[in-house]
Amino acid sequence: RRAGGIPLFAEEYARMRQAGDEGLEVPETLQGVVAARIDGLPSEEKTLLQAAAVLGKVFWTDALVSLVEIEPWRLDELLHTLERKEFVRRERRSAVAGARQLAFVHALVRDAAYGQVPRGERARLHRSAARWIEDLPPDRSEDRSEMLASHLVRAIEYGQAAGTATDDLRPAAVSALRDAGERAASLHSLAAAVRYFEQAIALVSEGEQADPHLLFAYGYAMEILGDPKPDVLVEAAAMLLDAGERGAAAQCEYVLGHASWAAGDYATAWLHYDRAAELVEGEDATPATAFVLSHLSRACMLAGRDDEAIAYGERALVLTEALELDDLVGATLNNVGVARVNKGDRSGLALVERSLAIGLERGSFEAVRAYVNLASLHQSLGDQRQATELHELALERARQLGTGGYERWLECERVSDLFLAGRW
């Protein structure tokens, strides 16, 4: 009756009794059962389990040696005992090369162990975990930046709660959060990227300016998600210009232009687009320059300035292919393909289809754009049924990626498709 039908409660209580705690009353909650089991451990085992909990539901032997300063042979003995007592289990594959990976048998076990660690000790252990990650060779961890950011942020939070100094951790935390955000963005997980960028901006010390590249990354991600932050991009553009980074400042100008275009303010949009074009003229072949040329091709294509779209696109393709910027290659092929079809050259369809293939292969939101543009092209060529199918695929992909602006666009396209099909 006390377990309320939760199997894990019964399992944990059976483990507690098996450990010899026969005189204990049945705890009121599942957390109480787990906490009672942990409290019954010898001191050395309990300390190790709590240190493992600081690392997360999954943890590594190398990290534990760093956190608790224990001999490897003794660590093996204690871990074997904790496995036998069914607190943790070994995993076959490790995300950290050269270290054995283990995991708590259940997240609640990890949470109970973590909850027993005092705040000041949590801060110290998270700081130690961050040092361990910083010392890892770059190729030893799959998600190094995310792990480092998580431990540094928690070291700051619990350090502040415990009244200890944490200012020395802020620069490293900001850097790690930016790296984690850029990695998430490269994997097209924009909502996660935004969370990292916002945390990084919030951690910038009072009186200091945030890195303009961080501000641009945040502003660009928010624009794609359909929630533009023009003030952030204006600030970033000014800082980048002051630093002499014309290409990066041009990126800000383009994104500001697209936000204005999406809001229906075409005059302001073209002021920003023209400014972006002016800033990259004569600039070196860099990813920033390639970004701007590719996106100016898009702006011209959307405005029906097809010759300019093709000219910008061909310049962008030279750079994107040379710099191996696959996402931008796909985006540029999309722009040029549409512009060619608009001029009566149906070979442009093949370019947009190549763009779609690249976007799908990379899991990129550019696949949504390719679907949308292919639908528009098929619609203009008289194939409404194909256009409707492509819009449905685009909407499904947009929802998967969480791109709010594209979702709203495609809901409107859906109304048009239903109207044209007579489904009033």
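Below are the figures for this structure:
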item: Segment 222-238 residues that are free of Cβ contacts under 8 Å to residues at least 12 places away in the same chain and open to solvent by 60 Å² or more (accessible area, probe 1.4 Å), paired with ones that are of a type in the set (A, V, I, L, M) and assigned to a helix (DSSP H, G or I) (beta carbon under 8 Å, 6 or more apart); result: Lys229/Met222
item: Residue selected from segment 131-143 under the condition in a helix (DSSP H, G or I) and out of contact with any helix residue (DSSP H, G or I) (no Cβ under 6 Å at 6 or more places or on another chain), by the criterion surrounded by the fewest Cβ atoms within 10 Å (Cβ to Cβ); result: Asp135
item: Odd one out for Leu169, checked against (1) surrounded by fewer than 16 Cβ atoms within 10 Å (Cβ to Cβ); (2) over 20 Å from the mean Cα position of the chain (by Cα); (3) not β-branched (Val, Ile, Thr); result: (1)
item: Every residue from segment 102-130 that is surrounded by fewer than 17 Cβ atoms within 10 Å (Cβ to Cβ) and not aliphatic (A, V, I, L, M); result: Asp111, Gly115, Gln116, Pro118, Arg119, Gly120, Glu121
item: In segment 179-196, the residues that are modelled with pLDDT under 95, open to solvent by 50 Å² or more (accessible area, probe 1.4 Å) and assigned to a helix (DSSP H, G or I); result: Asp179, Glu182, Arg183, Ser186, Ala191
item: Breaking point among (1) outside any loop (DSSP other than H, G, I, E, B); (2) open to solvent by less than 60 Å² (accessible area, probe 1.4 Å), for Ser94; result: (1)
item: Only listed residue being surrounded by fewer than 23 Cβ atoms within 10 Å (Cβ to Cβ), without any contact (Cβ under 8 Å) to a residue 60 or more places away in the chain and under 21 Å from Gly304 (Cα atoms), chosen from Asp417, Asp345; result: Asp345
item: Given (1) surrounded by 17 or more Cβ atoms within 10 Å (Cβ to Cβ); (2) touching a Lys or Arg at 6+ places or on another chain (Cβ under 8 Å); (3) part of a loop (DSSP other than H, G, I, E, B), number of the condition Ala200 does not satisfy; result: (3)
item: Yes/no for Arg408 being within 27 Å of the chain's Cα centre (by Cα), open to solvent by 40 Å² or more (accessible area, probe 1.4 Å) and either closer than 25 Å to Gly313 by Cα or of a type outside the set (A, V, I, L, M) (or both); result: yes
item: First in segment 363-388 and under 17 Å from Thr332 (Cα atoms), second anywhere and open to solvent by less than 10 Å² (accessible area, probe 1.4 Å) and not in a helix (DSSP H, G or I), Cβ under 7 Å, 6 or more apart; result: Phe365/Thr403; Val368/Thr403
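The values are calculated or read from the model by the stated rules, or taken from the named source; none is laboratory data. All values derive from a computational prediction rather than experimental measurement. Cβ: placed from backbone, ideal geometry, glycine included. Neighbour counts: every protein chain shown. The accessibility values were calculated without ligands, DNA or RNA, using every heavy atom of the protein model including side chains. Shrake-Rupley method; radii C 1.70, N 1.55, O 1.52, S 1.80 Å.
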